[in-house]
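The values are calculated or read from the model by the stated rules, or taken from the named source; none is laboratory data. Just so you know, these numbers come straight off a predicted model, no measurement behind them. Here the Cβ is made from the backbone with ideal geometry for all residues, glycine too, and neighbour counts use every protein chain on show.
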Amino acid sequence: MNTYLQRLRDRMAVEGVPALFVSDNLNVQWLTGFTGSSGYAIVTPDEAVFITDSRYTIQAKQEVDGLEVVWFQRPKTFEEFLTENLERLGVKNLAFETSVTYATWKNWTDKISSVEWTASPDLLKPLRMSKTPEEVEKIKEACKVTDACLQHLTRMMQPGVSEYDVQLDLEFFIRRSGAEIAFHPIVVSGENSARPHGQATEKKLEVGDFVTLDLGAKKDGYCSDITRTFVIGEASDRHKEVYGQVLKAQVAAVDALKVGSAAAEPDRLAREILDEKGLAKFFGHGLGHGLGRAVHDFGGLGPNSKDTIAAGQVWTIEPGVYIEGFGGVRIEDDVHVTDKGPEILTHFPKELMVLG
Ligand code: GLY
Ligand code: MN
């Protein structure tokens, strides 16, 4: 029994959607279990069909759970095959996901006129945001990989080691652990650490540098995303003050992830705490984002977020302070919201660590 399919059908019934064409690859993976790069689903109250092409027939038969698997072969086109299946299922009104490109949407609507196409933005958003225990377990497995990776890297980070070397070891560790690299990792030191999304360079770590590592692993389709900032050699009073305030804001924001509260509230609180030391003006990005099959999954924790915190959600909490000419600090954890309070899934220590 595919519970994801059941949840989608329940939501379609509530929203009055008679048939949905699922085209977003991560939505398809979430719904069907298929891990390939090309698959689509048509879901109606009584039927569910998974469409792929001949590259994926064996894989789809093994992976797809609870949907009829069909595939097209050339010279038939995807659009011809889709039309045949829509007619077979008696679909007259088809909701589509608005994440498709304009060119794709135009192609489909030009070539498939047997149905009325209706835009259905974000139908899966609340479903993807509310993780099942099975999904949370997978995120935990990904978090274990990045926790261990950070542990490993603390042993090699010292003056003279380049940002590139750290990045290479980081990626090697994740791959050797049987996971994928969830996103291009960030390794920035010294003045470079004031770039929130800076890239690793040939610069060598030096005494007195902040070093920020932001990394993610993907295991069984689910991501982790963790950031830690270290100091090389010796921490100055300014290092300690900035780090301590970011940590205070981060801990308070995690605690503020309470069921029923506005998603903008932990961000507001983090900024208030940073401002105790005049640091809020150096915090330009939002506090965090949803985490799941995508690193930046549905939902945001920024000041303008309209989301509401609910049990089952998984968020990153990642306040940062970036001071040009000095350096930056970001501390990021992955947090599962439960009725009993926030459950932190990333376990690497957060106290300021001096390395080398
Ligand atoms: N870890 C990268 C980001 O959250 O943007
Ligand atoms: Mn993040």
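Can you find, within the range 310-326, the residue that is farthest from the chain's Cα centre (by Cα) among those that are within 16 Å of ligand 2 (Cβ to nearest atom) and among the β-branched types (Val, Ile, Thr)?
321
Could you check the range 24-54 and list, in sequence order, the residues that are of a type in the set (Ser, Thr, Tyr) and over 16 Å from residue 127 (Cβ atoms)?
Result: 35, 37, 38, 40, 44, 52, 54.
Collect the residues in the range 16-58 that are out of contact with any helix residue (DSSP H, G or I) (no Cβ under 6 Å at 6 or more places or on another chain), part of a loop (DSSP other than H, G, I, E, B) and hydrophobic (A, V, I, L, M, F, W, C), keeping them in residue-number order.
17, 19
Kindly indicate which of 185, 121, 196, 133 is within 21 Å of residue 350 (Cβ to Cβ) and without any contact (Cβ under 8 Å) to a residue 60 or more places away in the chain.
Only one candidate qualifies: 185.
If residue 249 satisfies all but one of (1) touching a helix residue (DSSP H, G or I) at 6+ places or on another chain (Cβ under 7 Å); (2) away from ligand 1 (no atom under 16 Å from the Cβ); (3) more than 19 Å from residue 321 (Cβ to Cβ), what's the number of the condition it fails?
For residue 249, the exception is condition (3).
What are the pairs with Cβ atoms under 6 angstrom where one residue, in the range 217-244, is farther than 25 Å from residue 336 by Cβ and the other, located anywhere, is in a helix (DSSP H, G or I)? Sequence gap at least six, or different chains.
231/239
Would it be correct to say that residue 70 is modelled with pLDDT of 95 or more, closer than 16 Å to residue 3 by Cα and not polar (S, T, N, Q)?
no
Of a type in the set (D, E, K, R) and at pLDDT below 95: which single residue out of 147, 122, 169, 220 fits that description?
Sole residue among the options that is of a type in the set (D, E, K, R) and at pLDDT below 95: 122.
Going by the structure shown, is residue 54 of a type in the set (Ser, Thr, Tyr), under 23 Å from the mean Cα position of the chain (by Cα) and surrounded by fewer than 17 Cβ atoms within 10 Å (Cβ to Cβ)?
no
Could you check the range 319-356 and list, in sequence order, the residues that are crowded, with 18+ Cβ neighbours inside 10 Å and among the polar types (S, T, N, Q)?
346
In the list 240, 277, 281, which residue meets the criterion of being farther than 20 Å from residue 196 by Cβ and more than 21 Å from the chain's Cα centre (by Cα)?
240 is the lone residue from the list that is farther than 20 Å from residue 196 by Cβ and more than 21 Å from the chain's Cα centre (by Cα).
Checking residue 79 against (1) touching a Lys or Arg at 6+ places or on another chain (Cβ under 6 Å); (2) surrounded by 19 or more Cβ atoms within 10 Å (Cβ to Cβ): exactly one of these is not met. Which one?
Of the numbered conditions (1) touching a Lys or Arg at 6+ places or on another chain (Cβ under 6 Å); (2) surrounded by 19 or more Cβ atoms within 10 Å (Cβ to Cβ), the odd one out for residue 79 is (2).
Can you go through 278, 300, 286 and tell me which one is modelled with pLDDT of 95 or more, out of contact with any helix residue (DSSP H, G or I) (no Cβ under 8 Å at 6 or more places or on another chain) and within 13 Å of ligand 1 (Cβ to nearest atom)?
Every option except 300 fails the conditions.
Evaluate the range 180-197: report whether one residue or more is closer than 21 Å to residue 285 by Cβ and charged (D, E, K, R).
Taking every residue of the range 180-197 in turn, at least one turns out to be closer than 21 Å to residue 285 by Cβ and charged (D, E, K, R).
Can you list residue pairs whose Cβ atoms sit under 8 Å apart, with the first residue in the range 66-89 being touching a residue at least 40 places away in the same chain (Cβ under 8 Å) and the second being in a strand (DSSP E or B) and hydroxyl-bearing (Ser, Thr, Tyr)? Count only pairs 6 or more apart in sequence or on different chains.
Close Cβ pairs satisfying both conditions: 82/40.
Having 2 or more residues that are within 16 Å of ligand 1 (Cβ to nearest atom) is the bar; report the helices (runs of 4 or more DSSP H) wholly within the range 118-206 that clear it.
Per the criteria, 133-154, 163-176.
Return only the number of the condition from (1) under 15 Å from residue 250 (Cα atoms); (2) of a type outside the set (Phe, Trp, Tyr); (3) away from ligand 1 (no atom under 14 Å from the Cβ); (4) not in a loop (DSSP other than H, G, I, E, B) that residue 337 does not satisfy.
Residue 337 satisfies every listed condition except (1).
If you go through the range 297-334, how many residues are among the hydroxyl-bearing types (Ser, Thr, Tyr) and in a loop (DSSP other than H, G, I, E, B)?
Counting residues in the range 297-334 that are among the hydroxyl-bearing types (Ser, Thr, Tyr) and in a loop (DSSP other than H, G, I, E, B) gives 1.
The rows are residues; the columns are (1) more than 16 Å from ligand 2 (Cβ to nearest atom); (2) surrounded by fewer than 19 Cβ atoms within 10 Å (Cβ to Cβ); (3) β-branched (Val, Ile, Thr); (4) on the phi > 0 side of the Ramachandran plot.
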{"site": "241", "(1), (2), (3), (4)": "yes, yes, no, no"}
{"site": "244", "(1), (2), (3), (4)": "yes, yes, no, no"}
{"site": "250", "(1), (2), (3), (4)": "no, no, no, no"}
{"site": "279", "(1), (2), (3), (4)": "yes, no, no, no"}
{"site": "299", "(1), (2), (3), (4)": "no, no, no, yes"}
